[in-house]
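Report on one structure; see the data block that follows.
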Amino acid sequence: LKAALVGCAAEALSGLELAPVLDIDAAVPLHRLDGRVIKQIFRMAPFGEGNPEPTFLSRDLEVADVKVIGSDGTHLRLRLKDGKVTWSAIAFGLNGNGNPAPELMPGQRLDVVYTFSQDRMANGGLELRVLDIAPPEPQTREEAGLKIGLLSDIGLKFLYYAGSATGMQVAQEVRLPW
């Protein structure tokens, strides 16, 4: 049975390029994430299966500091900078399958996809939990087939999929001004 299923799947999927997909909820400059914006984001909690954590993309960040951590060297502790703003970040197993963490250097520029998490090293403050990194690309009006809608008056862009909640619905849910 297993061989038949594997054969059927191989035939049905032949010619398709299968790659993991990472859903990004918003593209926002890191320097725009102040206490007011973060408070608005966490008003959408609790996060879980029916309400996943918001995932953000910030472009062209500078690696201010990087340290490989973990006994197997698969994790990174980072400081990411956007202008005058610097955030602590943690990246667990970016290369997957126990492969060593990617080699990053201070001064290197990256596009970073992340969520927020409690920083256990800094008395419960927030840090970025890095989900993916890539060389920086120019910012576009539409990214990966997503449509852009304005979420608030401070320019936070909410990206949403066709058929899901609109920017207006999200703004009303978190009581943001339009």
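The values are calculated or read from the model by the stated rules, or taken from the named source; none is laboratory data. None of the values given here were measured: they were computed from a predicted structure. Note that we place each Cβ from the backbone using ideal geometry, even for glycine, and neighbour counts take in every protein chain shown. Keep in mind that these areas ignore ligands, DNA and RNA; they rest on the heavy atoms of the full protein, side chains included. Shrake-Rupley method; radii C 1.70, N 1.55, O 1.52, S 1.80 Å.
Using a 1.4 Å probe, how large is the accessible area of Lys39, given in Å² and rounded to the nearest 10?
Lys39 has an accessible surface of roughly 150 Å² with all protein chains in place.
Each residue of region 109-117 in turn: what ³J(HN,Hα) in whole Hz from Karplus with 6.51, -1.76, 1.60 and θ = phi - 60°, glycine and Pro shown as x?
Couplings: 10, 9, 8, 10, 9, 7, 10, 9, 8 Hz.
Please give the peptides 5-17, 99-111 ranked by average Cβ packing (other Cβ atoms within 10 Å per residue), highest first, as a rough proxy for protection.
Those peptides, ordered most packed to least, come out 99-111, 5-17.
I'd like the distance separating the alpha-carbon centroids of region 7-27 and region 71-88, in whole Å.
Using only Cα atoms, the two centres lie 30 Å from each other.
Hey, rough spin-label estimate for Ala4 and Val85, points 7 angstrom out along Cα→Cβ, what's it come to in nanometres?
5.7
Would you please classify the overall shape of region 32-95 from the alpha carbon gyration tensor, given that a ≥ b ≥ c denote the square roots of the eigenvalues, rounded means a/c under 1.5, and beyond that prolate means a/b larger than b/c while oblate covers the rest?
Oblate, because a/c is 1.5 or more while a/b does not exceed b/c.
Using a 1.4 Å probe, what is the accessible area per residue for region 1-83, in Å²?
64
Taking R0 as 41 Å, what's the FRET efficiency between Ile69 and Arg32 from their Cβ-Cβ distance, rounded to 0.05?
The pair Ile69/Arg32 has a calculated efficiency of 0.90.
What does the C-alpha gyration tensor say about the overall shape of region 1-136? Classify as rounded when a/c is under 1.5, otherwise prolate if a/b is larger than b/c, or oblate.
Prolate is the answer for region 1-136, as a/c is 1.5 or above and a/b outweighs b/c.
Each residue of region 53-66 in turn: what ³J(HN,Hα) in whole Hz from Karplus with 6.51, -1.76, 1.60 and θ = phi - 60°, glycine and Pro shown as x?
4, x, 10, 10, 10, 10, 9, 6, 7, 9, 7, 7, 7, 8
Suppose R0 equals 25 Å; then what is the FRET efficiency for Lys39 and Phe92 from their Cβ-Cβ distance, rounded to the nearest 0.05?
0.45
Please give the FRET efficiency for Ser117 paired with Leu18, using the beta carbon to beta carbon distance and R0 = 35 Å, rounded to the nearest 0.05. Mind showing how you got there, number by number?
Numbers: r = 29 Å, r/R0 = 0.82.
Between Ser117 and Leu18 the formula returns 0.75.
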